[in-house]
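FYI, it's all coordinate maths here, none of it is from the lab. These numbers were taken from a predicted model, which means no experiment stands behind them. Cβ: placed from backbone, ideal geometry, glycine included. Neighbour counts: every protein chain shown.
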Amino acid sequence: MDTTATPTPEVVKVLVIDTGKEPIKTERFDLAASDPAAIRKTILTVMNRMGKNSHALIHFRKKWFVADHTAQRGPSEEYAKTEVRYHPMMEQLS
């Protein structure tokens, strides 16, 4: 019998929020932490599709971050990530 435990893969929880329309629209993703390129691509793709009034709430290793658009016009190719202590929608990722 094998007694070695398989480690649980780390997960990055992402909630992309569009506050530009009523009602507020959200999309939630649970992504593997081992693939940062896929995380970045998912966040940028969804934020660009939702528009400039969107941002992403990210939960990873008991820390919270907000990602925002960086481009003034057109689709963003990067996002600015800031660590936060509170966001009104934290409950949706806990």
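Rounded to the nearest 20 debye, what is the charge dipole size of the chain about its Cα centre when +1 sits on each Lys and Arg Cβ and -1 on each Asp and Glu Cβ?
260 debye
As a test of the definition: which semi-axes, in Å, follow for the chain when you take the square root of five times each eigenvalue of its alpha carbon gyration tensor? Largest first, please.
28, 15, 11
For the stretch 30-82, give the magnitude of the charge dipole about the Cα centre (Cβ charges: +1 Lys/Arg, -1 Asp/Glu; no others), in debye to the nearest 20.
Using Cβ point charges on Lys, Arg, Asp and Glu, the stretch 30-82 gives about 120 debye.
What order, most packed first, do the peptides 20-27, 74-81, 36-43 have when packing is the mean number of other Cβ atoms within 10 Å of each residue?
Answer by packing, highest mean first, reads 36-43, 74-81, 20-27.
Please state the relative contact order of the chain as a whole percent: Cα pairs under 8 Å, 6+ residues apart?
24 percent
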